[in-house]
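Structure first, then comments.
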Amino acid sequence: MDGSDSPRCGDLHHLGRIIAVSASQAVALLEQREAGANSAGAFLLQMGALVRMHTRVSTVYGMVTGLRVPLPSLAPSNKDLKLVEIEFVGEIRDDNGGPGSFERGVSAYPALDEPVYLASASDLAQVYARPKTATVCVGKIYQDSAIPADVLIDELFGKHFSIVGTTGSGKSCGVATILRGVIEQAPNAHVIMLDPHNEYARVFGDRAVVLSPGNGLHLPYWLFNFEEFAEIVVGPASNWKGSEQVKVLGEAVLAAKQSYFAKAGLDHSGTVDTPAPYRISDVLRFLDVAMGSLDRPESIGAYQSVKGRILALQNDARYGFVFGGRLSVRDELTDILAELFRVPVSGKPVTILDLSGIPSEIVNVTVSVLCRLTFDFALWAETPVPITIICEEAHRYAPRDTQLGCEAAKRALFRIAKEGRKYGVSLCVVTQRPSDLAPGLLSECNTIFAFRMTGQEDQEIVRGAVPEASHGLMNFLPALRNGEAIAVGEGMSMPMRIRFNLPPEGQRPKSATASFASAWSTDSDGSPIARTVERWRRGIR
């Protein structure tokens, strides 16, 4: 029986019939019919439209990913063959004599010559229905602005997600929309945002704590493991081969820790990586003693270099959050973790770490410390405290290029990506250059929001990180509007094209492009120069 005779198809727009079927796709021949209500569907058909087909046990849904005329005539003609490429997205099975709910994947395929129909508004409502689990609305679906686009909170935050797209495509607003929606429903969340450009301070208002080198951020040197500390003092680990300075520093730090343990009456069997307080003055004293001993080491230049670098760091205001701010050394680990992870939340579930004031050469080390502390805290916690780390511009501290260093930060991020789910730690990886990101990090993200992306290499990286069944959707990337994204993965009930809701004007990230035309239309009296120099020298943005 022709599917068009079925009562469930009577009010649908008939498009054509199936002429080819593969494991994940179908091709339909668009049929020309006499003018009438049923022929209107052909004019409504467009890229990204949802269509439906029937099998013996289900209704199968697919998304239009291609429209073509294989052998076009020189002039437009109704006799031309018009083909519609369809990618299967899921089905509604006919269970117990009635329709069930929508499920991703296809268990039965449409037969050749099976009619194809344009999905109705009720179809869209069923396919994109709010799942019976914790969700948050982040926008509207592309096919129908009346249908909300929901993300699954547990699947999204529990299994890592990424947000990618070119500069200006709407990534920052997408991040803000997702987080604002989640903390509305989960006011006791624990979110750490690594903000390299001080964009997000106004997004969450009084529901966030902003920490920066000049405003509350305190990461004392003794929190750093030896690799991280040595990268600050000696330089990138890629230059350590055969370095006497690294050996000298390691001996000095271990001696300082053992000295502190002895004075405190503690067991001093720890290692150079033990996260316990010690005095930097003891490090300098060890170096002085070694240089002044009778059997002075031949590499005395290494001792002098390490001592000089530590003294310079102590006197550099930019490093005050590491070496300054405390007159005495005490064990502040509990207080530091409570501030970073918002335990208790006290109405402020988001910690924004403003990295813009941190010297660029140690941003990656700072990220390494924060990620390592987060994972270790989750690992040793008796009661899980789920924490999500938002890594804005992740390619800066987890780069593909191994010559740029950042190995400690990459290891910390990959450890969370591979093992964090077991302990309640998750990542959100945000980048405009997926091709510059460390290989494999994007693939660890089970949900991807892909905004407009024109670079072919970047598109291929993203396409390689998503399931093969969603590759057709990735073809839309170059044509997306600002604020639109292709969302695929376990954090969505099904792959979809989303139009994100924009935050209110005064609560959007400060990521807008500067207006050259407006700024260049008036002159200045020069006073901004003096204020800029003052802030520059004080290291306060």
Problem set entry | Computed FRET value (nearest 0.05) for Ser120 with Glu460, which takes r as the C-beta separation and R₀ as 30 Å | 0.25
For this session: State which helices in the chain qualify, where a helix is a whole DSSP H run, it must extend 20 Å or more along its own axis by its Cα atoms, and its mean Kyte-Doolittle hydropathy must be at least 1.0.
Result: 363-380
Problem set entry | Listed residue pairs exceeding 18 Å between alpha carbons, taken from Lys159/Lys418; Lys348/Lys418; Lys132/Lys418; Lys140/Lys510; Lys132/Lys171 | Lys348/Lys418; Lys132/Lys418; Lys140/Lys510; Lys132/Lys171
For this session: Let me have the relative contact order for the chain, percent, based on Cα pairs under 8 Å that are six or more residues apart.
Result: 19 percent
Problem set entry | Near-label residues of region 172-216 by backbone N, under 16 Å of a point 7 Å along Cα→Cβ of Asp154 | 186
Exercise. In nm, to one decimal, how far is the Trp240 label point from the Asn482 one, both placed 7 Å along Cα→Cβ?
Worked result: 4.5 nm
Exercise. How large is the charge dipole for region 72-206, taken about the Cα centre, if only the Cβ atoms of Lys, Arg (+1) and Asp, Glu (-1) carry charge, to the nearest 20 debye?
Worked result: 380 debye
Exercise. What does the highest-first list of 355-365, 486-496 look like by mean Cβ count within 10 Å?
Worked result: 486-496, 355-365
For this session: Would you mind calculating the gained length between Ser435 and Leu379 on full extension (0.36 nm times residue separation, minus the Cα-Cα distance), in nm to one decimal?
Result: 17.0 nm
Exercise. Packing-wise, with mean Cβ within 10 Å as the measure, how do 388-401, 189-202 rank, highest first?
Worked result: 388-401, 189-202
For this session: With the cut-off at 37 Å, report for the chain the share of all Cα pairs above it, as a whole percent.
Result: 44 percent
Problem set entry | Eligible aspartates and glutamates near Lys307 by straight Cα distance, threshold 15 Å, same-chain separation 8 or greater | Glu231, Glu244, Glu251, Asp282, Asp288, Asp316
For this session: State the Cα centre-to-centre distance between region 100-146 and region 202-244 in whole Å.
Result: 47 Å
Exercise. Relative to the present Cα-Cα distance, how much length would full extension add between Ser356 and Asp206 at 0.36 nm per residue of separation?
Worked result: 51.9 nm
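Taken together, the values in this text are just the output of simple stated rules run on the coordinates, not laboratory data. A quick note: this is a predicted structure, and the numbers were derived from the prediction, not measured. Quick reminder, even Gly has a Cβ in these numbers, built from the backbone with ideal geometry, and neighbours come from all protein chains shown.
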